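Bear in mind these aren't lab numbers, they're just calculated from the coordinates by the rules spelled out. Every value quoted in this text rests on a predicted model; they were computed, and no experiment measured them. Please note: Cβ atoms are built from the backbone with ideal geometry, for glycine as well, and neighbour counts cover all protein chains shown.
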Amino acid sequence: MTMAYNLCSSPSSPCPDHHFLFCNTLSAPRPLNLTPYHPLPKPKKPISISPHSKPSLQITHVSTQNPPSAQTPSPNQNPDHKTGFSSKTHIWVNPKNPRASQLRHKSQNSRYDSLVKVAGLLNSCNALEKDVYSILGELGYKIVEQDAVIVLNNMSNPNTAPIVLKYFQERIKLNKEGILYNVTLKVFRKCKALDRAEKLFDEMLERGIRPDNVTFSTIISCARLCSLPKKAVEWFEKMPSFGCEPDGVSFAVMIDAYGRAGNVEMALSLYDRARTENWRIDAVTFSTVIRIYGTSGNFDGCLNVYEEMKALGVKPNLVLYNTLLDAMGRAKRPWQVKTIYKEMLNNGFTPGWATYAALLRAYGKARYGEDAISVYREMKEKGLELNVVLYNTLLAMCADVGFTDEAIDIFEDMKSSENCKPDSWTFSSLVTVYSCCGKVSEAEDKLNEMLDAGFEPDIYVLTSLIQCYGKANRTDDVVRTFNRILELGITPDERSCCCLLNVMTQTPREELVKLTGCIEKANPKLGAVVKLLVEETNIEGDIFKSEAGELLDSIGADVRKAYCNCLIDLCINLNLLERACELLDLGLTLEIYTDIQSKSPIQWSLHLKSLSLGAALTALHIWTNDLSKVLEDGEELPSLLGINTGHGKHKYSDKGLAGVFESHLKELNAPFHEAPDKVGWFFTTKVAAKSWLESRRSHEVVAA
DNA sequence: ATAGGGTTAG
């Protein structure tokens, strides 16, 4: 017998234009070069790897020389051959046709699937030689090394895996025993069992099997997964003594190990070494390095690595794009996220779940409400499920930008989804949603819904509710809710104190005393500072400033600006402009506020983005004083003066700073006018500013 | 899928 497939390439052939692969639906003869492995000597009978399947359906008739059934005619004998028609039992497939490879895959799949099934049985059986061997016995005698690799590679039970290894060692003539050890190491890695991996390594040496780079990278990544970076280093350093030169993958694993351990410096120095030693660094390694830069907050580092990669001619892959998108999201650079995402689509990549998750996180964090919602819709259209974290990210964004209706829809969708349930984060975002639009009873309903769902009230949801009552000027309910926090044994945190402080900025003067009591209980230091303001205590020199400075030093960097903004707002409400200036000055000294004023030869600017209204007015007051001083000193103003209020996506504010600020500028008769083409900018000319500042000064003189 | 590295967060 010659070939079981027929190449009809001769001009006289009935099918001159095509090469046909002769396929039989019962037996699947196939070209030799496609045979995945070569069991030698060739079995006379098909190897039964799947005990339950009929011989005729087995995939082991891969040997083209050995059709499994004598009844199967060879193509040359096939009476239908010349006509090109298939008989009932045969189909003709062009080998260049995708169908041919589909059929090949199908036949391989059943073998692979059977071996995977066996691996599944071994994962859940007792770790007894008797039980393990009995399952493996089903494979029959004619198992080959590759079968053993597939079985072990699909295992996850660290107790049965060594017995399986032993079985194969006994039954198969192994040419590459090291491979079997390496896949068994992978099982231990899956279970984060470094001690077992190390034991197996010793056993390997005892049997005289030489470890290779695969062995080491598997053990190193196991140590990484176990969060044992020192062990990872130890194994990495062992490599040369076993004659193993670390290669690209070894470096990649070590870079990741250092990165996960928080040792950014070592990770990056290895990356440097890999570069200077001219290792071919691939996209996987680059994405690891980008992730390390991203999690350590060096976002420009991410982009530099990305540029380096492109310069080296390495093509980005989907994971790399996902990592980069995630990093730019953390960096709060949604515009960069958009650019990179566009590039990714242009390069033909299809976004996956991780891509959408990165986009949602980026847009949510940056309060790009419309963009976040459209990502959400796209995910729903594609049938991609969101998890709790993603839903909560969306809902938090809705609360931030005031998307009430969207939040309600998303919450309904979340409740109807199978795999995820609202948690206390969800409810607290919803309470915030209602609190922002002043719907007190709806906010209370959400708290009750949360309790009905079996959650304990927590600091987050109660803080959101305090915010809600505060906005509605229900001071007694604020106090009641705050006391509830204390009664539950919860210690108020920085955010809840900040919330109380924010409520104070919206509360009439006569009710403030009720809230100072709460704040004193929550944070005595803050209580003392607030009391100095509310009681309008006259104190000497810099005592207030030093008290406030001590307070701001004692709290986390993430809430410092919020505290400072609230305290200044409180001052403005209480007509304590001097105190407000002291606080703003303190904020500048402590670098809570930076770059409020800037100067270029043609334009001086006041940047009020991220300042509260009170802080913005205080900054304006100081700026105008500074400008007056310039005139007094006989110096020149630039031709243009600008105030930037930002685009106004502020939490808990309907219009944003820009809207409110405009009316204040009018009140002050300040000649600034909103720029039609630059959102959030107010401009005036040197001439107008000069006359305004001079008239202001003469008023002051009159007042004095 | 068929011996080694990467994307899941608030």
Compute the label zone of A:Arg495 within the stretch A:547-586: residues whose backbone N is under 16 Å from the point 7 Å along Cα-to-Cβ.
-> A:556-563
Counting other beta carbons within 10 Å of each Cβ, put A:Ile466, A:Ile408, A:Ile602, A:Ile596 in order, fewest first.
-> A:Ile602, A:Ile408, A:Ile596, A:Ile466
Theoretical gain in end-to-end length, A:Ile543 to A:Glu511 [0.36 nm per residue, Cα-Cα removed] = 8.9 nm
Once you put a point 7 Å from the Cα of A:Arg210 and another 7 Å from the Cα of A:Arg280, both along the Cβ direction, what distance in nm separates them?
-> 2.2
A:Asp247/A:Gln169 FRET efficiency (R0 25 Å; Cβ-Cβ; nearest 0.05) | 0.35
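Need one word for the stretch A:304-361: rounded, prolate or oblate. Basis is the Cα gyration tensor (sqrt eigenvalues a ≥ b ≥ c); a/c below 1.5 gives rounded, then a/b vs b/c decides.
oblate
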Note down the nm distance, to one decimal, between modelled labels 7 Å out along Cα→Cβ at A:Lys310 and at A:Gln603.
-> 2.9
Tell me, what is the FRET efficiency for A:Leu128 and A:Lys192 to the nearest 0.05, using R0 = 25 angstrom and their Cβ-Cβ distance as r?
-> 0.55
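How much length is gained if the chain between A:Lys238 and A:Arg697 is pulled fully straight, taking 0.36 nm per residue apart and subtracting their Cα-Cα distance, in nm to one decimal?
Here the segment from A:Lys238 to A:Arg697 would lengthen by 157.5 nm.
Work out the count of Lys pairs in the stretch A:471-582 where the Cα-Cα distance is under 15 Å, with the pair 8 or more places apart or on different chains.
Lysine pairs meeting the criterion: 4.
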Under-20-angstrom lysine pairs by C-alpha in the stretch A:597-703, whenever the two are 8 or more apart or on separate chains = 19
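Between A:Ile408 and A:His664, what's the calculated FRET efficiency when r is the beta-carbon distance and R0 is 45 Å? Round to 0.05.
Efficiency for this residue pair is about 0.85.
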The distance between the Cα centres of the stretch A:464-482 and the stretch A:145-175, in whole Å, is 65
Fewest Cβ neighbours within 10 Å first, please rank A:Val679, A:Val164, A:Val630 accordingly.
-> A:Val679, A:Val630, A:Val164
In nm, to one decimal, how far is the modelled label at A:Glu591 from the one at A:Asn263, with both set 7 Å along Cα→Cβ?
-> 2.9
Shape of the stretch A:191-271, Cα gyration tensor, a/c cut at 1.5 = oblate
Where the centroid of each part is defined by its Cα atoms, how far is the stretch A:508-581 from the stretch A:303-378 in Å?
-> 42
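Ranking A:Phe403, A:Phe427 by Cβ neighbours within 10 Å, fewest first, what do you get?
A:Phe403, A:Phe427
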